[in-house]
Structures are given as C-alpha cells and as structure tokens.
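Here is the structure we will look at, set down as structure tokens.
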Ligand code: EPZ
C-alpha cells in the first residue's frame, strides 16, 4: 500500500485547480439508467470511486466511456440486461445504492446488495427504502439484498424524511421523475449536489421544483431524454485545499471555487482569522495574521458546516490559540483522525460526538495511518505545517476522493511525495 511523505515547510503560494464533485458525479452517473438515450457528463473527477460506479453500471449493461483523460463520461443505458447490483461491487462503495431508485423507475424491478457499514458509521439505508415504498415499491430483504418490485410502475406520493439524508433524497428524486403523478419530498437534503442532480434531470425532461430547499415537488413524466451536463465544483475538495494556506501561511487561489458552495465553512475560517476573497477565477485564501483563533464547530446538513470538512478543520485547530470544540452531529464515528493527530503532538479529548482541541504551538511530524477518506487528507494538511516529516500510510483512502493530491500541493510549494509500495 502506498504512503505519502509530507515535510513541514513555509508558506504556500500559487493556484490549485478544483475538480468536479465526487458526490455529485456518484448520483449523476446512475441517472443514466432513467433514459435509453445517451447522458454525457463533463468536468468529471478522476477518482477510484468513479471507476467503481463505472464498473457497477457496466455490470448492469450500461456503456460508460471515459473521454478526454477521464474528464468526460459518455454513458448509454440503451440495453440494461441485468438488474442485480452485486455485493462485491456495492461493498466497495456505498453510493452503489443509488442505482436502486433509477432501476426501479425504469423497469419496475431491481435487486441491490445492502451496502453494509463503513469506518465512519453503520450507514443504514432504511430511509432510501421507506422513500421508495412511499412511491409504491414492494421491498423484500433476503440474504443481504434488497429485492424491489413495482410491476405496475411507481406512483407519485408524499415522502416525509425524519432526518435529512443526502443519498435517500437523491434516490427518491430520481425514482419520482418517472412515477405516475406528483411526488412531494419533505425535509429533503439541500446540498449543492442535490441541485446539480435536479438541474441535470430537468435537462433530461424531468419536472422538478424546490431543489435546494427542504421541499421538492416532482411531476412524473413518461420518459426522459438524454443530455449533456457539467458536474458542479467539488466543495469538499475546495474546502480541503483552502485549509492548506490557512495551516501553512502564504496565499493560494483555488481555481473554480465559489463562496456560495461553502458559506458556513468560510464564516468559520473568517472567525479563525483566515481571509477568503472571490476573484474572477475562484477564491483566494490567506492568513490575516500569524495566530489562528480557536473556533467552535457543529456539523450539520447543508447549509450548515459540512461533516466532510470536520476532520480537515480539526487539523487547522490543532495549532490555534485556545480551545476549540467540534461537535460531529451527522455520523457516529467520525473522529478517527484524532488519535493520529495526537501522535503528531495535538491535544484532543474525544467524548462521544464531541472533540475538544487545545491548540499547541506546533505539531511534530510522525508516521500516521489514514482510516477513511477525509481523515487521510486531514493528516496531510497537519503534516504540511508540522516540524519534520510525516508519513501517511494507507493512502488508497485518498484516491477515492482526491485526484492528483501530491501534484496539486507540490504546485503551491509543498514538500510532498508519494512512495509506491514495493
Ligand atoms: C453523503 O452520504 C455523502 N456521500 C457523504 O460524503 C456525506 O458525508 C453525507 O452525504 C452527509 O453530507 C455521497 O454523496 C456519495 P446521509 P450519505 O444519508 O448520503 C443517516 C465523503 O466523505 N441515514 O446524508 O450516505 C446516516 O447514517 C462521504 O465524501 C440513516 O439513518 O449520507 C447519517 O447519520 C462520506 N438512514 C445521516 O443519516 C438512511 O437510510 C446522514 O447520512 C440514510 C442515512
């Protein structure tokens, strides 16, 4: 397994291009199942999760062709000849559950493996299943698989989510586009990735209103056509790299960055003493002064502070002046980066969903281990400003969500290299 070696060094300077959003692409790709006509996505990120989704769609009979070095995905689902998403693919990536709604809407039947948990939590899919039942689907759980049927087709209905779920909102939204009648989704997720999916579905002929708010209304249509759609900028990659100059000092421009994608996050950076300004081409980030101020963070559904940036923010707060309290309200086990940061000299007390971080002068480089996608990049950020060398092992986690992380950080002056496993 490869590792990444980071050596703490001075301020960073330059530009980092931000890719298309992994979490938008992973729901836009299954949307191809809703139409027999070609769906082409541009600005797609080159990530292992995208490869896994490609593998899954191909196993169902869809054609997915990578063009322009993986930045364009030309997809066609004209001949779907298999309606079973197998465990060996689904267990690799939980977003595989997002083929369930589209397959059900298109052909009235689907068998999808339950995804199982992951490092950050149990990650149940009960809300996905309840939503599809509200649209008339009959579901059976057998041998770890969901057997779904809607032989007379799906019908519009009201879906009341007890808690906000991004994936369940996406599954329900895609299924409802071809359901007979009107569907109302209450307490819907409001993430930019939901708006991106709705925008693409409208290009395909879907009738959707209210995306980006808590109530989405969909008028079902008989069929959807093909489309071409650019994937929205990845706000989590954006926020991750905004923290590099925040932690190291200097000034970096994040190309393609938009403030509206991360308002709550930018607000917290401002409180911590980090300046963020919009330019014609993106966002420029620089530290206001030498000291980072401690801030408290609570993760919430959009437009609140994103849970996917909690680990990275913790890396910044490890050397803040004072004590910061981070509350992780979305997932039950998302502080696995804390013990690794402690190995680097951080002072962090974790109790349940709350982490208290008492700032230290400087972190010290150390061998650390990546445990999940966002934890792995928070260790790299910490290593950028630590004294000495940090070796992050198990970086395959990184490859799921960050393309060319070494090249992007080297490009702004970081001392970082990837060591290939022998
Ligand atoms: C999406 O996961 C993202 N993944 C996650 O990003 C992100 O952290 C999460 O949304 C929250 O923003 C993709 O988009 C591929 P949820 P998802 O359903 O849809 C519970 C990353 O690092 N829940 O909004 O799985 C769940 O356990 C990943 O890129 C149920 O109880 O998240 C969690 O506590 C990590 N039942 C909460 O809801 C369900 O049926 C929010 O989960 C579904 C979810």
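Every read-out reported here was derived from the displayed coordinates using simple, explicitly stated rules and does not represent laboratory data. In this text, all values refer to a predicted model and were calculated from it rather than measured experimentally. Cβ sites come from the backbone with ideal geometry, for glycine too, and all protein chains shown count toward neighbours.
Here the sum of -39500 (n - 2.57) over DSSP H runs of 4 or more residues, divided by the residues of the chain, equals -8500 deg cm²/dmol at 222 nm, to the nearest 500. From most to least packed by mean Cβ count within 10 Å, the peptides 78-88, 328-338, 368-378 give 368-378, 328-338, 78-88.
Where both partners of a DSSP beta bridge lie in the range 64-146, what percent of those bridges are antiparallel, to the nearest 5? Just about 80 percent of them are antiparallel. Once the gyration tensor of the Cα atoms in the range 125-236 is diagonalised, the equivalent ellipsoid follows with semi-axes of 22, 17, 14 Å, ordered largest first.
A crude spin-label estimate for the pair residue 149 and residue 255, with each label 7 Å from Cα along the Cβ direction, gives 5.4 nm.
Can you compute the label reach from residue 333? Point 7 Å from Cα along the Cβ direction, backbone N cut-off under 19 Å, restricted to the range 103-140. Correct set: 114-126.
When the alpha-carbon atoms of the range 276-315 are used, the pair Rg, Dmax equals 12.7, 32 angstrom.
For the pair residue 417 and residue 264, label points projected 7 Å from Cα toward Cβ lie 4.1 nm apart.
The angle between the Cα long axis of helix 373-385 and the main principal axis of the chain comes to about 20°, on a 0 to 90 degree scale. The convex hull built on the alpha-carbon positions of the chain has an orientation-averaged projected area of 18.8 nm².
Apply the a/c threshold of 1.5 to the C-alpha gyration tensor of the range 31-136 and tell me whether it is rounded, prolate or oblate. Cα axes put the range 31-136 in the oblate bin.
Percent of Cα-Cα pairs more than 24 Å apart in the range 274-397, please. Everything past 24 Å amounts to 27 percent. Taking the 0 to 90 degree range and rounding to the nearest ten, how far is the long axis of helix 235-248 tilted relative to the main principal axis of the chain, both from C-alpha atoms? Once rounded, the angle reads 0 degrees. Here the contact order of the chain, divided by its residue count and restricted to Cα pairs under 8 Å and six or more residues apart, works out to 21 percent. In this simple spin-label approximation, residue 281 and residue 187 carry label points 7 Å from Cα along the Cα→Cβ vector, and these lie 4.5 nm apart.
Between 0 and 90 degrees, the angle of helix 166-176 with respect to the longest Cα principal axis of the chain falls at about 20 degrees.
Rounded, prolate or oblate for the range 22-230? Axes are the square roots of the Cα gyration tensor eigenvalues, ordered a ≥ b ≥ c, and the cut-off for rounded is a/c under 1.5. It is rounded, given that a/c, with a ≥ b ≥ c, falls under 1.5.
Just to be sure I understand: of the beta bridges DSSP finds with both ends in the chain, what percent are antiparallel, rounded to 5? DSSP beta bridges in the chain are roughly 70 percent antiparallel.
How long are the semi-axes of the equivalent ellipsoid of the range 166-226, taking √(5λ) for every eigenvalue λ of the Cα gyration tensor, in whole Å from largest down?
Each semi-axis is the square root of five times an eigenvalue, giving 17, 12, 9 Å.
Annotation: average projected area of the range 80-124 is 3.2 square nanometres, based on the convex hull of Cα atoms across all directions.
Counting only C-alpha contacts under 8 Å and six or more residues apart, can you give the relative contact order of the range 22-230 as a whole percent? The value is 21 percent. Once a ≥ b ≥ c are taken as the square roots of the eigenvalues of the Cα gyration tensor of the range 143-189, is the result rounded (a/c under 1.5), prolate (a/b larger than b/c) or oblate (a/b not larger than b/c)? Here the range 143-189 falls in the oblate category. Full extension of the chain between residue 358 and residue 404 gives 13.4 nm of extra length, using 0.36 nm per residue less the Cα-Cα distance.
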